[in-house]
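Report on the structure given below.
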Amino acid sequence: KFGKGEITIMQQLSYTIEPEADGLSVNTYARNIAGLSRAFLRSVKFRENGILINGQRVTTRGVLHAGDSLVFNMPNDRTQKVMPAEGPVSIVFENEDIVLVNKPAGLVIHPCHGHYSDTLLSYLAWYYRLLPEQPLLCPIGRLDKDTSGLILIAKNKYAAQQLERQRANHTLSRVYLALTEGHWTDQPRSGLIDRPIAKVPDCFNRYQIADTGRPSRTEYKVLSEFTYEETPFSLVRLKLQTGRTHQIRVHMASLSHPLLGDSIYGHEGFLGFDRAALHSFEITCQLPGHQDLAVFSSEMPEDFQKMIAKSINFSSTLI
């Protein structure tokens, strides 16, 4: 059910050695200055022309001098497992290392059972189909099918490992918007939810608060409260400190404010909302090869806007 064929793409990282790095070994420079992982170095050091100083092959013990040209050649060896399919793709930002996409609700990211070509990666594979070298397309993190908004996708191994490292050290951060049931009467309107999450035993795709679960932390802030047909709901800003499956959905439900339309942890079709009302609103990261933080944001999705617009007590909110 998947297209087959070996694809080899050569990616090259180049550095010019500055005076303060004079005398360092390739290994020390790569690990401490370039920020490359041990796994990355293992993947290139045994390849022909994997590591070059001034065009000459060296090992990780090679000594660097000011002005040297250090090059890592890394092929992206992989079997293509995404079936290209024509479909809409909303690209927010793109360079040689990443593509940032605004995903609509209802679209899955990876091919899976029942979704072999109607996926975000399939649509991106179609978008890039005419390029002589196909990008890797490695999503950084995940969004549920119901969740709309920004998803960051690495286009080569270097970008993928740099961004995954940022996820681990929290340089890469995500902010979400959610519509939740109820008003926050007699509850703090902002705070940190620090409650471990574990999978519900013998239950597919359902999670719960449990002392034996993995540490899970979500910052939240109530932005506005609304009422529609005498039913209260709220707009909440959420920032993940950890990234567990269903983390926001479980944490909101644990405060008795499940997401509108959440069929697992709340009430399916609540106020007519036909999905769990969650939107990936903002991503902050260092673009691979850059030191400054880049901040990307998206508009509130149309179904959120319509829900708020038809409610009473509507007020503009600074997100």
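Pick from segment 14-60 the residues that are in contact (Cβ under 8 Å) with a residue 12 or more places away in the chain, open to solvent by 70 Å² or more (accessible area, probe 1.4 Å) and in a helix (DSSP H, G or I): which of them is nearest to GLY289 (Cα to Cα)?
Step by step, filter segment 14-60, then rank; the result is ILE33.
Mind listing whichever residues of segment 233-281 are of a type in the set (Val, Ile, Thr) and part of a strand (DSSP E or B)?
At the first step, the residues of segment 233-281 found to be of a type in the set (Val, Ile, Thr) are 236, 242, 245, 248, 250, 264.
Scanning segment 233-281 gives a single hit, VAL236.
Here is a check on your reading of the model: is ASP211 open to solvent by 70 Å² or more (accessible area, probe 1.4 Å), part of a loop (DSSP other than H, G, I, E, B) and in contact with a Pro (Cβ under 9 Å, 6 or more places away or on another chain)?
yes
Name every residue in segment 85-141 that is in a helix (DSSP H, G or I) and of a type in the set (Ser, Thr, Tyr), in order of residue number.
SER122, TYR123, TYR127
Looking at segment 110-142, which of its residues are open to solvent by less than 10 Å² (accessible area, probe 1.4 Å) and within 23 Å of ALA277 (Cβ to Cβ)?
Result: THR119, LEU120.
Of all residues in segment 288-307, which are within 13 Å of the chain's Cα centre (by Cα) and part of a loop (DSSP other than H, G, I, E, B)?
Across segment 288-307, there are no qualifying residues.
So which residues in segment 186-206 are β-branched (Val, Ile, Thr) and surrounded by 15 or more Cβ atoms within 10 Å (Cβ to Cβ)?
Those that are β-branched (Val, Ile, Thr) and surrounded by 15 or more Cβ atoms within 10 Å (Cβ to Cβ): ILE193, ILE197.
Out of the residues in segment 95-109 that are over 9 Å from LYS145 (Cβ atoms) and touching a strand residue (DSSP E or B) at 6+ places or on another chain (Cβ under 9 Å), which is most open to solvent (accessible area, probe 1.4 Å)?
Step by step, filter segment 95-109, then rank; the result is PRO104.
Going by the structure shown, is ARG78 at pLDDT below 90, of a type in the set (Lys, Arg), open to solvent by 20 Å² or more (accessible area, probe 1.4 Å) and in a strand (DSSP E or B)?
yes
Identify, please: which residue in segment 214-235 is within 20 Å of the chain's Cα centre (by Cα) and surrounded by 13 or more Cβ atoms within 10 Å (Cβ to Cβ) and is, among those, farthest from GLY261 (Cα to Cα)?
First pass over segment 214-235, keeping only residues within 20 Å of the chain's Cα centre (by Cα): 214-220.
The next check asks that each one be surrounded by 13 or more Cβ atoms within 10 Å (Cβ to Cβ); those that pass are 214, 216-220.
Numbers: ARG214: 26, SER216: 23, ARG217: 23, THR218: 20, GLU219: 21, TYR220: 19 Å.
Applying the filter and picking the extreme gives ARG214.
So which residues in segment 147-185 are open to solvent by less than 50 Å² (accessible area, probe 1.4 Å) and part of a loop (DSSP other than H, G, I, E, B), if there are any at all?
Within segment 147-185, THR147, LYS155, ASN156, THR171, LEU172, GLY182, TRP184 meet the criteria.
The values are calculated or read from the model by the stated rules, or taken from the named source; none is laboratory data. From a predicted model like this one, the values you see are computed outputs, not experimental measurements. With ideal geometry, Cβ positions are generated from the backbone for all residues, glycine too; neighbour counts draw on all protein chains shown. In case anyone asks, the SASA skips ligands and DNA or RNA and just uses the protein heavy atoms, side chains included. Shrake-Rupley method; radii C 1.70, N 1.55, O 1.52, S 1.80 Å.
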